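**Q** Could you have a look at this structure, given as structure tokens, before my questions?
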Ligand SMILES: [Zn+2]
């Protein structure tokens, strides 16, 4: 029998606001436990929430970026459950009337529907140490959006594509920093399998809190196979929540699936419903930055960049802004993109900060375009610029780094190299084509890396016959 997987994703994303959703505490990661807490986010009796407008605006931005309908009227509900990291005994969220609905993400020609985006608060965090458990409320009340896809995804690969696109849109709109290692983007997956062509849903497993796109893809692949194997053996998978273990690359049962009716959602009585005007939405729409897809189109059309170039540059907002700045100053933006990806990106450290001014990249690139320097000099210049800033043209002049474009000058270097390396020359003439590469390297070294590579290749071929 042929099977089809039905996959839906629920993605929680922390919003990049200055303060929390219902109080003035700072929204920051990595601070000493319980230093960003006040009576409101600690759930003390008698306190009242005050909604953070910045969070609402970011959620609307996400909705626009994800092609959603922005609902002018939405409401907060209380999701009641007991857990030590939830001091109020309920989470303030949007259940019945979410802020955004009916959007989609295009993953290369196929649209994956987005059912809803709702605004809610994050819970605190439990820290387990040996036989003790501590609670850190710094995260309690941090604004989140939950983005719920329709069950339109059919494979682990599609899920990874969807997540990549989603991350790009949220990053470039400034909605979230999407740092998975800091928990500001968290993925829950729903997987079921059914005979192809039928429209019912099979037994569903949920995999919670997967912390990379790669693992999401792997976990889905594993689950699909597990379900098919069970069906083939006349068994049925359980409706349950499982976790993915990255080491064994398998999923394991955590608990039976909880039913949402157990949560007892009730309308929140302390927050007035959200009432957003058309003007407010238009105002945000007008200020939307260019999304990755639009930028990609521009890079291809205006600068002749490849898919590979675009994918690399559009990984981070500041990479894209850097490239765009350098491109404006470059005679050949494609060459600047090549230098950025092959040379500068290889110098990046874990903070991903580029320590060279865009102007300097353009200067180096332009000297290459004008055939004043060659690529190996460009590489050396960029490595030096990474350490300290300087005027590139002056530096090239002072250090005589000009490319050798004169035929007679380069010829002299080649003759010298051939005389000194008779064995390599003989090898080449006996048919060892690799010897050409060795000679090229020797001449390059003699010229301190300044030979015009094209001219060197032509001359060497001529001389070797
Ligand atoms: Zn607070």
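**Q** Using a Förster distance of 45 Å, how high is the FRET efficiency between residue 386 and residue 278, based on the Cβ-Cβ distance and rounded to 0.05?
**A** 0.35
**Q** While we're on this one: Highest mean first, what order results for 297-308, 209-220 on Cβ atoms within 10 Å?
**A** Averaged packing, sorted descending, gives the order 209-220, 297-308.
**Q** How far is helix 213-232 tilted, in degrees, relative to the longest principal axis of the Cα atoms in the chain, given as a value from 0 to 90 rounded to the nearest 10?
**A** With both axes taken from Cα atoms, the answer is about 60 degrees.
**Q** Can you tell me the FRET efficiency between residue 301 and residue 29 if r is taken as the Cβ-Cβ distance and R0 is 30 Å, rounded to the nearest 0.05?
**A** 0.20
**Q** Spin-label point model (7 Å from Cα, Cβ direction): what's the residue 422 to residue 72 distance in nm?
**A** Simple spin-label model gives 9.3 nm for this pair.
**Q** For n ≥ 4 DSSP H runs only, could you compute -39500 (n - 2.57) per run for the chain, divide by its residues and tell me the 222 nm figure to the nearest 500?
**A** Using -39500 (n - 2.57) per qualifying helix, the result is -12000 deg cm²/dmol.
**Q** Hey, another quick one. On full extension of the chain, what length is gained from residue 290 through residue 408, given 0.36 nm per residue of separation minus the C-alpha to C-alpha distance?
**A** So the chain would gain 37.3 nm between residue 290 and residue 408.
**Q** Label-point separation (nm) for residue 269 and residue 357, each offset 7 Å from Cα along Cα-to-Cβ?
**A** A separation of 6.3 nm, rounded to one decimal place.
**Q** Sort 96-102, 59-65 by packing, meaning the average of other beta carbons within 10 Å per residue, with the highest value first.
**A** Ranked by mean Cβ neighbours within 10 Å, highest first: 59-65, 96-102.
**Q** Let me ask you something else. Can you tell me the orientation of helix 317-329 relative to the chain, as the angle in degrees between its alpha-carbon axis and the longest Cα principal axis, to the nearest 10?
**A** That works out to roughly 40 degrees.
**Q** A follow-up question, please. Working from Cα positions, state the angle (0 to 90°, nearest 10) between the long axis of helix 434-446 and the longest principal axis of the chain.
**A** It works out to around 80 degrees.
**Q** On full extension of the chain, what length is gained from residue 130 through residue 247, given 0.36 nm per residue of separation minus the C-alpha to C-alpha distance?
**A** Residue separation times 0.36 nm, minus the Cα-Cα distance, leaves 39.9 nm.
**Q** Taking the Cβ-Cβ separation of residue 239 and residue 181 as r and a Förster radius of 41 Å, what is the calculated FRET efficiency to the nearest 0.05?
**A** About 0.85, to the nearest 0.05.
**Q** May I ask you to compute the full-extension gain from residue 201 to residue 229, defined as 0.36 nm times their residue separation minus their alpha-carbon distance, rounded to one decimal in nm?
**A** Answer, rounded to one decimal: 8.4 nm.
**Q** May I pose another question? According to a simple spin-label model (label point 7 Å from Cα along Cα-to-Cβ), what is the distance in nm between residue 81 and residue 325?
**A** Label-label distance for residue 325 and residue 81, simple model: 4.5 nm.
Read-outs throughout are calculated quantities, based only on the coordinates presented, and are distinct from any laboratory measurement. Remember, it's a predicted structure, so these values are computed and weren't measured experimentally. When we count neighbours, we look across all protein chains shown, and the Cβ atoms used for this are built from the backbone with ideal geometry, even at glycine.
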